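Following: one structure in structure tokens, then a few remarks.
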Amino acid sequence: MYRPTDRTQHSFLDFNQPMGLHMNPDNRWVKMADSIPWDEFETKYAGLFPSGTGNVAKPLRMALGALIIQTKFQYSDRELVEQIAENPYLQRFYGLPGYQEEAPFDASTLVLFRKRITMEMVMEANESVLSRKDDRKGPPSSGSSTEGGSPEKEPGNKGTLTLDATCAPAHIRYPQDISLLNEAREFLEGMIGRFCRYYSLPLPRRYRRQARKAYLAFAKCRKHTAKKVRAAIRKQLGYVRRDIGYLEQFMSEGLVPDRKDIPKFLTILKMYGQQKYMYDHKVHSVPDRIVSISQPWLRPIVRGKATAPVEFGAKFDLSLDTEGYGRIERISFDPYNEGATLQEAVERFKKRTGHYPERVLADQIYRTRDNRRYCKGHGIRLSGPRLGRPAAIVSATTRKQEYQDNTDRIEVERVFSLSKRCYGMGLIVTKLEETQLTTIALSVFVTNLFKIQRRIHSALLRICQFFDTKYAVLSFAWLS
């Protein structure tokens, strides 16, 4: 059940403060709360609760506001509840009418918030905030007919679109074949024990001690030769195969496993088939390889970086507009060629602004022949050297232009670094597929929010400095 909140936007002076508490109206959380259009997201969020009975759900502002605070400070769920209970500015930000000593929700409720507020909702909120920022510029040109009946001239290309891809790594153990098989064996042994306790069956022989001893002997060994690796994998495959046989026998007799164990058991069956195939054929890769039993949707993402040649998480394309605000153009847990995203990103840019960008800044993987042909046909300059043999004589203007494009393209790398260091994109600690996508979208959204706040603050400082300087000059002239 969901009950719409009061649409009236409470001012800072309406906030019920404890006696003797002085609050600064220029606080960043107070200003940010007034700049976010909470009411625009209320209707879609209320649609998630079609029933008119049951407990009343927490309002959207409280749910989204708590996730924004958590993304900013990277608090754990329990620590976030404690911080909210102690900070009146945070309570004002997510919509409480006054300060209260107890948080209005507990730590487990944050899991429901991340499930309800999907990645699509966060991306829509991001687009809405960025569009409100650009309202003062007026609506984009639509190319419709004028009052005289003659069609308007199509606007020329303006602005810059920067595009690049990265990976948001998930918090999992580095996947080794031995450790995956050992984890699968331990889960299957526990599953067999639960079967036997529930149905009063005798425990079959599982060779738990021998299997654990064999795994530890391999894990503690400093040097793992190819012969030792194959021998350890062969032993673990045998133990897993025996446990799977016991469970299949139980289920063939009509015994039903626990509902929570079924998804993980099916994942182990698929993982065992992949490991058996790689062992029999002496290969080290297989399509849709499972790298985590608890998170089977993760895939290896080959990045080619010096520090992390392979990462395990969601891969996504991020675009920056002329002012440097980010948008997720494509996201997937499966690896893909990011070169196919350029044309879609350019068309979305035109839909937002009413014109194509003057230039597109992207690295080499985006500069395919198809993308070059597309950009040339729409009058867009794609960064990077042209195809063919390098020219014998390069003008100073062209050289300066290429240098400036390479310099401006670094901005997207700076945004990646900021989001990964400060806003949680560097290590995704949520455990569900939908909540991991929500966490990534929140990182981009919060990065834009605080970038807007910093620019507004910088503009106000410049205005104040201007008037202070002018006042000082007038005062000096008057005194002289």
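Read-outs throughout are calculated quantities, based only on the coordinates presented, and are distinct from any laboratory measurement. Just so it is clear, the model here is predicted, and its values are computed rather than measured. Every residue, glycine among them, receives a Cβ derived from its backbone with ideal geometry; neighbour counts consider all protein chains shown.
For the stretch 212-220, backbone phi angles converted through the Karplus equation (6.51, -1.76, 1.60; θ = phi - 60°) give residue-by-residue couplings of 5, 5, 5, 5, 5, 4, 6, 5, 7 Hz, Gly and Pro being listed as x. Summary of the geometry: the stretch 158-196 and the stretch 47-107, compared by the centres of their Cα atoms, lie 30 Å apart. Between the residues Ser443, Pro175, Ala125, the greatest Cα displacement towards the positive end of the dipole of the chain, with unit charges on the Cβ of Lys, Arg, Asp and Glu, is found for Pro175.
Near the amide H of Thr166, within less than 5 Å, lie the amide hydrogens of Phe316, Leu318, all on another chain or at least 5 residues away, with H placed in the peptide plane. The string of couplings for the stretch 344-353 from the Karplus curve (6.51, -1.76, 1.60, θ = phi - 60°) is 5, 5, 5, 5, 5, 4, 5, 5, 6, 9 Hz, one whole number per residue in order, with x for Gly and Pro. Put simply, the amide H of Gly98, placed in the peptide plane, has neighbours under 5 Å in Asn16, leaving out anything fewer than 5 places away on its chain.
Pairwise Cα distances in the chain exceed 45 Å in 32 percent of cases. For Phe49, list long-range residues whose amide hydrogen, built 1.01 Å from N in the peptide plane, is under 5 Å from its own amide hydrogen. Those qualifying (amide H under 5 Å, at least 5 residues apart or on another chain) number zero.
Using alpha carbon coordinates only, what is the Rg to Rh ratio of the stretch 177-281, with Rh defined as the Kirkwood radius? If you can, show how the numbers build up before the last one.
Numbers: Rg = 14.5 Å, Rh = 14.5 Å.
Across the stretch 177-281, the Cα-based Rg/Rh ratio is 1.00.
Across the stretch 38-50, computed HN-Hα scalar couplings (Karplus, 6.51 cos²θ - 1.76 cosθ + 1.60, θ = phi - 60°) run 4, 5, 5, 8, 5, 5, 5, 5, 5, x, 6, 10, x Hz from first to last residue, x flagging Gly and Pro.
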